[in-house]
1. Which count do you get for residues in the range A:119-143 that are under 15 Å from the mean Cα position of the chain (by Cα) and touching a residue at least 40 places away in the same chain (Cβ under 8 Å)?
2. Given the options A:S125, A:S67, name the one that is at pLDDT 90 or above and part of a helix (DSSP H, G or I).
3. Looking at the range A:167-185 only, could you name the residues that are under 18 Å from the mean Cα position of the chain (by Cα) and either free of Cβ contacts under 8 Å to residues at least 60 places away in the same chain or over 20 Å from B:V405 (Cα atoms) (or both)?
4. How about the range B:11-36: which of its residues are in a helix (DSSP H, G or I), facing another protein chain (nearest Cβ under 7 Å) and modelled with pLDDT under 85?
5. Here are B:E103, B:E137: which of them is free of Cβ contacts under 8 Å to residues at least 60 places away in the same chain and within 14 Å of chain A (Cβ to nearest Cβ)?
6. Kindly state which helices (runs of 4 or more DSSP H) lie completely within the range B:312-409 and contain at least 2 residues that are modelled with pLDDT of 75 or more.
7. Looking at the range A:16-36, can you tell me whether even one residue there is at pLDDT 80 or above, out of contact with any helix residue (DSSP H, G or I) (no Cβ under 6 Å at 6 or more places or on another chain) and in a loop (DSSP other than H, G, I, E, B)?
8. Kindly provide the set of residues from the range A:68-82 that are within 13 Å of A:N35 (Cα to Cα) and facing chain B (nearest Cβ under 8 Å), ordered by number.
Amino acid sequence: MDDISIISLYWERSEIAIKETDVKYGKLCNHLANNILNNNYDAEECVNDSYLTVWNSIPDARPNNFSAFLCRIVKNLSFKRLEHLTAQKRKPEMLISIDELQECISSSANIENSYDIAELGRLISSFLRKQNETHRNIFLRRYWYYDSVKNIAADYKFKEEKVSNILFQMRKKLKKFLEQEGYNI
Amino acid sequence: MTKILNEAINLVDDDLISEAYFVPSNKKSFSVYKYMAIAAAFAIILTAVVLGTRGANKPAIEPTTHPTEQYGGMNNLEVINDSGIVFENTAYTDEEIKTFIEENKNIIAGNTAIEYQAFDIPIKIATKGYSPVCLGETNILVLDNLTLPIMIDDNIVGSVSLFKVDGKIKFTTSAHGEAWGRLTNALKENPDSELAFFYVGGYREIAVTPENKVYPLLSHVELPLDENVDYYNKFKTDYNVYSWEILNDENNYIEVVVSESDLDSEGETSDVITDNTTKVSDTVAVTDDIGRIIEIRLEDVLSKEISSIEVNSSTRLLLDQKPITVTEEQKEKILSYISDIQYTEAVDYQTMFGGSYIVKLNYDDSSSAEIVFMDKYFYIYSSDGQSVYYADETDNSVNLAYYIVDLIS
């Protein structure tokens, strides 16, 4: 079912909307939640909570991009769940990929500067649009979806080393781009 | 800083996020079809050549009409392979499980106690568990993914999941959520039966009775299982079954009582993420006999004969990955970076969000020193306990970090 029809079902308050959302995006949502939480039970709880959140959001919302709308909700709820987790954990892919972003940070960073994060997000979008499509998507798979290098390599039929290199080059480029734009993060 | 960058990436445009899951091989197929159509319009021979060369390499994949179809929801459920189960890895022995739980019972029980504010009452950690079979195009049972329920009073309240990384047993714990109440009900309502556990659709866990009554442990949506299929007998093994009897057998759990005073001063067990204001000097500074802090100078670490250099990163360390011993040429390069560093002594050690790089210098006299780089700060820690940290006034430590990234990636 296409996204416009799914959104219409939400507006009609038809519960089939949730089923259709799950049919189309269930695995993606679970995959994203699992990348953050690294636990099937917690991930599925988050996905179910996300469906409820979408149900409560539409209407009044009528998202232009339903998959991104849904994934953002899943991500936010997964992060909230992660805050409650303690104890010795398998280090989720999320933390590993965040660690890698540290290389994009300038050596002269002043941590006391405040940043308009939304503006920085727009800037990163413009950076990404100028990149090779494959490299852009691999970057987002790693740092937005927190996918493992192994999964990304399998989907692209690349060696893992190639994916790691692409990510490394993208991080270097992003750092240089941000510095040129006057962002010493 | 890393958090700011991560938050900003979170806000990139929606279309970029959606497109990120478009599988490139499918898009190549589109390109090939378009190219073939154009070539065919101009010359039949050229078309034949294109077909001849491209066809040999073209993957036989149907173009995906939506980027997320490969991650679609329940469509794959209709395809459950009838032909049996593939077993992966090796199951734990009873002794391994009991030893591991015994060694980690305080952390596991402590976390459960915090989650439920369950102090001074028995918490039972199972030492017998189950490994669900994942049903699909290939039915897979990963033998070293084991679920061990945790009980308080008469109810399952969470679980310990065991798995292996590089041959070592690791665990995660889970608490709260609907799954545990549902699991308790499923087992209690069938006290005389062994239930079989499966994942359907990749990740949805279900418990199935011998009569094929299905208990979804989560999932509010309907599961399109075929009521004519005897899932229980078709896919039951010794490893994916569990029962109320097994759970409550006193030989199959370790009981722990946690008092609030057992926990540390912050009320939580330690996490892998270090705090941004960690002062290394509070934990590793060494004093001599009369209380003076012993200093180790950067030039000291280069003054002795170095037999080998190993490099690593904090991320790899957390994943228990071994350091890499560098070649002679790489060793000289690293030493030249270190000797070029201009530094001043620092008071605080700024810990970023993980992401440090480590150079370990192994000396001929069997002692060693570690130099840990993180952003503009680095510290040196020697094997006899001396340590000191510096701020780098140049970019040399950052350049060294980049060099190490190249070596370890």
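1. 3
2. On the way: A:S67 fails: at pLDDT 90 or above.
One residue alone meets the criteria, A:S125.
3. A:M170 - this is the single residue of the range A:167-185 that is under 18 Å from the mean Cα position of the chain (by Cα) and either free of Cβ contacts under 8 Å to residues at least 60 places away in the same chain or over 20 Å from B:V405 (Cα atoms) (or both).
4. B:P24, B:S25
5. B:E103
6. Per the criteria, B:328-340, B:396-408.
7. no
8. Once the filter is applied, which keeps residues that are within 13 Å of A:N35 (Cα to Cα) and facing chain B (nearest Cβ under 8 Å), the range A:68-82 yields A:C71, A:K75.
The values are calculated or read from the model by the stated rules, or taken from the named source; none is laboratory data. Everything numeric here is computed off the predicted structure, so don't read it as measured data. All Cβ positions, glycine included, derive from the backbone under ideal geometry; neighbour counts span all protein chains shown.
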